[in-house]
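Visitor: Here's a structure for you.
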Amino acid sequence: MSRVRADEEEYWHSSKFRAFTFDDEDDELSQLKESKRTVNSLRDIVDDDDDDLERVSWSGEPVGSITWSIKETASGSTSSLDGRDSSLQKGSSSYAALPKQASSYSLSSLFKGRNKLSSFQSLSDALTDTGVKNYAPELRRPKAEYKDYSSDWSPKDTVRRMQRGKVCSLERFRSLQDKLVLLDEAVAGHDGNVITAVLIFLKRTLRREILFRELEVRQVALSHLIHFLRETGEQKFLLDLLRFLDRTEEVALSQYREHLNIQDVEKRREFLKGCIGLPFSAEDTSHIQDHYTLLERQIIIEANDRQLEMAGQSELFRKYPRKASILNMPLVTTLFYSCFYHYTEAEGMFSSPTNLKKTFKIPDKQYVLTALAARAKLRAWGDVDALLTTKNWLGYTKKKAPIGFHRVVEILQRNNAPVQVLQEYVRLVEDVETRLNLATKYKCHDVVIETYRDLKDRVQLTAYKCKVERGSAEEEKIHSILSNMVTDAYS
């Protein structure tokens, strides 16, 4: 018998399992094989009083059979801590609580599924018997994890388990004090998921006025709840919370945000009109007013343009059909649309670009950038020239670009502007290095040659001669400049 006990000790203190690698087989066949190997190894360490008696499991299935192996594999891989705890609660709150007095059961009889009276019994029957001393140890998890979490875990321990992804029941925290301690522990743990989970529990189990009062002095938890309510769209609960906190501007913004859920354009316009009177800040009130005015303009423009397009009276609409409705578009998109289809209209028209610029106080830089992109797309190079030409009080004209002429060149090039047009604006780039880079990149040869001439750089001129076509006007121009440089050097 001492030899058997030594074998048992050697088995329970040894391991057949290997460290995890990505080469491990994770399919059901490998799990069945491992289960069979475990069963076969048990045969060597238990007392074998009746070799001819078929071995059975706790459920009564023959040990080592395919049915038994499948059930063992499935229960080992998919059973949760809840299942284990609920089964153990029938006899005791934990393994450690099992009585230690003598028993009529042995390790051998439990594995064989029979007691000394040769009657089979289940695991739950064995554990409920007060005389049980020896029992089948847990092979997968330490016994400490089988403590009854539904009644014994403190708020701090519960939060720690939640942080590790363990399943925890919060229903045991019934008093307000316990719930607040749980919330404070969750906040102290700095885990957003745990804080949100606890807040959902409190939201469900506390009256609103109590929850709001306690959250008012817990700003971290309050911020989490506000964000959660916005993400889940619980608008009424959020508005009640903000009103309780006397955050009038946030209440107004939350109500204003509701316009996104209104699909009918006329109803949205009326809703925005009603939002103008809400207690916004001065800056936000101006934005709400602009939003309402813009939508009102868009409704008028959309109705007129749809009629023109259907009637076929406008050549521009026939050549460039509209791809989408202008309704609910941003201000910059509306300005681009207006510059594309209504550029020449008088300022008194709602669809006029200059009317939009004046009404919504669009900065010159934004207006020039948008108008330039629209007119360049139509290849209206005359409009581009007029847009960038200014006249002073003496009547003199000059080119001026609030966005910088380097950006003008890039926009024109993206819209396939001719080289002659590009060269005109590349010449206006003030920085010499930027001008040379743009001229070289877009093959504005005249600009490159003239810049090197002004720099009196014979070496670069000679090198650039290899980049132009032989016999072209650009090559002749380089020859002429190099000859003049030589004459000037000897004179």
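The values are calculated or read from the model by the stated rules, or taken from the named source; none is laboratory data. Predicted model only: the values in this text are computed from it and were never measured. Every residue, glycine as well, gets a Cβ built from its backbone with ideal geometry; the counts of neighbours run over all protein chains shown. Keep in mind that these areas ignore ligands, DNA and RNA; they rest on the heavy atoms of the full protein, side chains included. Shrake-Rupley method; radii C 1.70, N 1.55, O 1.52, S 1.80 Å.
Visitor: Test of the criteria: in segment 352-412, which trypsin sites (Lys or Arg not before Pro) are in a DSSP loop and have at most 16 other Cβ atoms within 10 angstrom of their Cβ?
Guide: Values: sites: 357, 358, 361, 365, 375, 377, 379, 391, 398, 399, 400, 407; in loops: 361, 379, 400.
Answer by residue number: 361, 379, 400.
Visitor: Also, quick follow-up: Are any of the pairs 443/477; 273/361; 267/319 more than 22 Å apart by Cα-Cα distance, and if so, which? Before the final figure, lay out each step's value.
Guide: Numbers: 443/477 15 Å; 273/361 20 Å; 267/319 34 Å.
Cα-Cα > 22 Å for 267/319; rest within.
Visitor: With a 1.4 Å probe and every protein chain left in place, tell me how much accessible area residue 343 has, in Å² to the nearest 10.
Guide: Approximately 50 Å² of residue 343 is accessible to the 1.4 Å probe.
Visitor: Find out how many positive minus negative residues lie around residue 272, taking Lys and Arg as positive, Asp and Glu as negative, among other residues whose Cβ is under 12 Å from that of residue 272. Before the final figure, lay out the partial values.
Guide: Values: positive: 257, 267, 268, 269, 273; negative: 258, 266, 270, 290, 296.
My count for the surroundings of residue 272 gives 0.
Visitor: Below 8 Å between Cα atoms, with a sequence gap of 6+, how large is the relative contact order for segment 152-246 in percent? The partial results should precede the final answer.
Guide: Values: 53 pairs, mean separation 20.3, N = 95.
The value is 21 percent.
Visitor: Can you give the net charge of the other residues whose Cβ lies under 14 Å from the Cβ of residue 392, counting K and R as +1 and D and E as -1?
Guide: Details: positive: 391, 398, 399, 400; negative: none.
The answer is +4.
Visitor: Let me ask something else. 7 Å from Cα along Cα→Cβ at both residue 204 and residue 249: what's the point-to-point distance in nm?
Guide: Between residue 204 and residue 249, the label points sit 3.6 nm apart.
Visitor: Segment 432-491: which trypsin sites (Lys or Arg not before Pro) are DSSP loop and have at most 15 other beta-carbon atoms within 10 angstrom? Intermediate values should be presented prior to the final figure.
Guide: On the way: sites: 435, 441, 443, 453, 456, 458, 465, 467, 470, 477; in loops: 443, 456, 470.
Listed in order of number, the matching sites are 443, 456, 470.
Visitor: When the Cα centres of segment 178-247 and segment 396-450 are compared, how far apart do they sit, in Å?
Guide: 58
Visitor: So, with a 1.4 angstrom probe, what is the percent of accessible area on segment 444-490 that is carbon and sulfur? Can you show the working numbers first?
Guide: Details: 1470 of 3070 Å².
Accessible surface attributable to carbon and sulfur in segment 444-490 totals 48 percent.
Visitor: Using DSSP to call loops (not H, G, I, E or B), can you name the GluC sites (Glu not before Pro) in segment 362-457 whose Cβ has at most 13 other Cβ atoms within 10 angstrom?
Guide: Numbers: sites: 410, 424, 430, 433, 450; in loops: 430.
The qualifying sites are 430.
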